Amino acid sequence: MNARTSLTIVLAAGEGTRMRSSLPKVLHEVAGQSLLTHVLTAAPSGHGTALAVVVGPDRDDVAGAARRARPDARTFVQHDRLGTAHAVLAARDAIAQGADDLLVAFGDTPLISAMTFARLRAPLANGAALVVLGFRAVDPTGYGRLVTDGEQLVAIREQSEASAAEREITLCNAGVMAFDGTTALKVIEAIGNANSKNEFYLTDAVEIVRKMGLRASVIETDEDEVRGINTKAQLAQAEAIMQTRLREAALTAGVTLVAPETVYLAADTIFGKDVTIEPFVVLGPGVSIGDGAVIHAFSHIVQTKIGGQASVGPYARLRPGTSLGMGAKVGNFVEIKSAIIEDGAKVNHLTYIGDAHIGAKANIGAGTITCNYDGFDKHKTTIGAGAFIGSNSSLVAPVTIGAGAYIGSGSVITKDVADNALALERNQQTVRDDWGTRFRAAKARGRKPKTT
């Protein structure tokens with residue numbers, strides 16, 4: 001077995017036309033990440049690896065997404081869409097660098113795993129010039145069939161060109177391939193356009209390899225892993241499969257999912273120990289949850305850090321930029337955005353906190369609002385440690401409430417409040433005895449009631 005230390009990966013990020021969307025196909029998301037990001041995350045990385053991503057013309061959005069997911073990516077443009085081999089040859093300069101192995105993958109297979117990429121390279125070390133990834137299809141209709149002779153791959157036969165006997169084959173082409181680096185460019189350049197559509201197909205590589213007296217092999221994987229996404233229905237199917245994977249991984253790691261089938265997770269969610277997630281919780285991208293935290297039912301959380309022993313919900317919404325400290329509590333019908341809630345602070349009921357810093361053990365009463373937006377700019381509210389904000393208060397930012405300060409219920413606070421001070425802002429209450437009796441009597445007589 002030969003050591004294979006260098007690798008070039010060519011990933012074709014096709015756009016697709018059946019998604020019926022202005023968003024490029026590979027930028028549609030599964031579990032909070034684009035299809036492209038999933039594939040790039042699974043693809044090999046590190047020393048000796050060169051990554052080339054092939055995009056369509058004027059697809060700076062796809063190229064940018066590729067570089068964000070993998071800063072080591074070089075992007076190449078396929079100006080004319082003339083088939084899979086033509087797409088790969090758009091990255092000719094990268095292939096010509098002459099790595100030990102060449103991996104060819106596609107940006108619309110988000111369920112493929114790093115282990116499968118590693119397995120695909122293994123036969124190259126044993127002398128194969130080409131390795132094709134296959135799967136056993138429940139319904140092979142429409143897929144290219146992998147025709148084998150013992151352990152060798154003889155041909156990839158498209159549905160339209162397959163004989164009746166070949167159409168009975170259930171081993172199908174997943175499209176992902178690995179080439180021996182010393183012959184890869186020669187093989188791909190030799191692919192002609194002698195097919196009905198005048199396009200250059202990678203599937204012809206098997207025949208070319210065999211004509212060169214070299215060996216082609218096949219390895220198998222599960223059908224789910226190589227599902228390509230071309231429609232919104234297929235996108236939904238991939239989401240369901242990914243969610244099942246993520247839930248199983250969370251349960252295996254010790255997370256308590258009370259009703260797993262109702263919880264939606266992101267691919268990058270980080271769980272501590274002894275975390276409990278109640279039913280109908282949605283965790284979007286960028287969420288980490290500390291040890292012993294509880295997320296109560298019907299909460300929606302995105303780009304948020306939740307400290308250990310914290311409690312969230314039910315019916316809480318935590319938006320990007322939120323950070324909860326140890327033992328912090330966020331209760332029902334609370335929305336928080338771009339705010340730090342320090343250890344032990346409580347925001348329990350019917351409250352909006354935006355662009356704020358809440359000190360340790362502060363208590364935010366029901367119905368409190370940080371008025372952070374003036375129609376043009378966002379402004380910050382700072383609440384010191386141990387402060388008590390009475391119910392139904394409006395804090396008009398920018399404003400600072402000192403440590404240990406008290407805000408009387410129903411106040412509109414527009415000026416800073418010193419440490420340990422009490423701030424009240426409300427009109428004097430007026431009481432008119434027996435006014436209700438007189439009001440009802442006047443209405444009964446058909447007269448207009450007096451309001452004084």
- Message: I'd like the full set of residues that are loosely packed, with under 15 Cβ neighbours inside 10 Å and part of a helix (DSSP H, G or I), limited to the stretch 146-168.
- Response: 159, 160, 161, 164, 165, 167
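Taking the criterion of being aromatic (Phe, Trp, Tyr), closer than 22 Å to residue 298 by Cβ and not in a strand (DSSP E or B), would at least one residue in the stretch 332-341 satisfy it? Steps first, please.
Taking the stretch 332-341 and keeping what is aromatic (Phe, Trp, Tyr), we get 333.
With the extra rule that they be closer than 22 Å to residue 298 by Cβ, the set shrinks to 333.
Checking which are not in a strand (DSSP E or B) leaves us with 333.
Yes: one or more hits.
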- Query: Among the candidates 6, 22, which residue alone is more than 23 Å from residue 286 (Cβ to Cβ), of a type in the set (S, T, N, Q) and touching a residue at least 60 places away in the same chain (Cβ under 8 Å)?
  - Reply: 6
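Has the stretch 309-317 got at least one residue that is in the same structural domain as residue 406 (by TED's automatic domain parsing), in contact with a strand residue (DSSP E or B) (Cβ under 8 Å, 6 or more places away or on another chain), farther than 23 Å from residue 270 by Cβ and without any contact (Cβ under 8 Å) to a residue 24 or more places away in the chain? Working first, answer last.
Initially, the stretch 309-317 is screened for residues in the same structural domain as residue 406 (by TED's automatic domain parsing), giving 309-317.
Next cut, in contact with a strand residue (DSSP E or B) (Cβ under 8 Å, 6 or more places away or on another chain) only: 310-317.
Applying the additional criterion that residues be farther than 23 Å from residue 270 by Cβ yields 315.
The next check asks that each one be without any contact (Cβ under 8 Å) to a residue 24 or more places away in the chain; those that pass are 315.
Within the stretch 309-317, one or more residues are in the same structural domain as residue 406 (by TED's automatic domain parsing), in contact with a strand residue (DSSP E or B) (Cβ under 8 Å, 6 or more places away or on another chain), farther than 23 Å from residue 270 by Cβ and without any contact (Cβ under 8 Å) to a residue 24 or more places away in the chain.
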- Query: Counting only residues that are touching a His at 6+ places or on another chain (Cβ under 9 Å) and in a strand (DSSP E or B), which one in the stretch 373-396 is surrounded by the most Cβ atoms within 10 Å (Cβ to Cβ)?
  - Reply: 383
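Do we have any residue at all in the stretch 428-444 that's surrounded by 12 or more Cβ atoms within 10 Å (Cβ to Cβ) and either in contact with a helix residue (DSSP H, G or I) (Cβ under 8 Å, 6 or more places away or on another chain) or within 30 Å of residue 346 (Cβ to Cβ) (or both)? Step through it out loud before you land on a result.
Initial filter on the stretch 428-444 (surrounded by 12 or more Cβ atoms within 10 Å (Cβ to Cβ)): 435, 438-439, 442.
Still in the list and also either in contact with a helix residue (DSSP H, G or I) (Cβ under 8 Å, 6 or more places away or on another chain) or within 30 Å of residue 346 (Cβ to Cβ) (or both): none.
No, the stretch 428-444 contains no residue that is surrounded by 12 or more Cβ atoms within 10 Å (Cβ to Cβ) and either in contact with a helix residue (DSSP H, G or I) (Cβ under 8 Å, 6 or more places away or on another chain) or within 30 Å of residue 346 (Cβ to Cβ) (or both).
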- Message: Condition (residue is in a loop (DSSP other than H, G, I, E, B) and in contact with a Gly (Cβ under 8 Å, 6 or more places away or on another chain)) applied to the stretch 130-140: is it met by at least one residue?
- Response: no
- Go through the stretch 307-322 and give me each residue that's among the aliphatic types (A, V, I, L, M) and assigned to a loop (DSSP other than H, G, I, E, B). 310, 316
- Message: Looking for something of a type in the set (S, T, N, Q) and either in contact with a Lys or Arg (Cβ under 6 Å, 6 or more places away or on another chain) or in a loop (DSSP other than H, G, I, E, B) (or both) - is there at least one such residue anywhere in the stretch 397-408?
- Response: no
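The values are calculated or read from the model by the stated rules, or taken from the named source; none is laboratory data. This structure is a prediction, so every number in the text was calculated from the model and none was measured. Here the Cβ is made from the backbone with ideal geometry for all residues, glycine too, and neighbour counts use every protein chain on show.
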